[in-house]
1. Multiply the residue gap between Glu53 and Val9 by 0.36 nm, knock off their C-alpha separation, and tell me the result in nm, one decimal place.
2. Taking Cα pairs under 8 Å and at least six residues apart, what relative contact order does segment 34-142 come out at, in percent?
3. For Lys133, list the lysines whose Cα falls under 16 Å from its own Cα; do not include residues on the same chain fewer than 8 positions away.
Amino acid sequence: MKKLTMTLVTVLVVTALSTYAFAYGPGWGRGHGGSDCYGPDTSILSQLNLTSEQTAKINALREANLRDTKSLKDKMFSKRGDLKLLWLQTNPDQEKIMAAQKEIRALRDKMQDKMTAYRLDVLKVLTPEQQEKMKSFKMGRGFGPGMRGGPGMGGGPGMGGSPGMMRGNW
């Protein structure tokens, strides 16, 4: 009886801990380094020898972007959870799954539009030399080519996915 109890407790603890690990699904999580998944990595920006004025402007742009996209990120996280629950049902409802995926795509499109505007605003703050240096960095999911040579946004062949594929939906 004691062995059975210990086994059950161990299984429950392992399950509880692994549930959190799988909550975000497959993929890299919230980005690499100092970036918030889509914007330029702050460690890369620090290598551009920015003036204090440029740093202040970029920080203001970053904060505004984070505020603007927080609700979209929260909605997307929630919708992904809803989609996961739809897939886990005994008899998944195709129409509900398709509708949830459509909502996630719409949210992702809105986020990408905001991120594009943010990136363009950051580039406007940089000098032409800094812009060229920025383009030479391999910055993952921010500007330019991604990790292992793949495209910056969406996974791509360099990251083990197909172009534009959104990872972690289920």
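Every number here is computed from the coordinates shown, using simple stated rules; none is lab data. Remember, predicted model here, so these are calculated numbers, not experimental data.
1. So the extension gain works out to 10.2 nm.
2. Once normalised by length, the contact order is 51 percent.
3. Hits, sequence-local ones excluded: Lys124.
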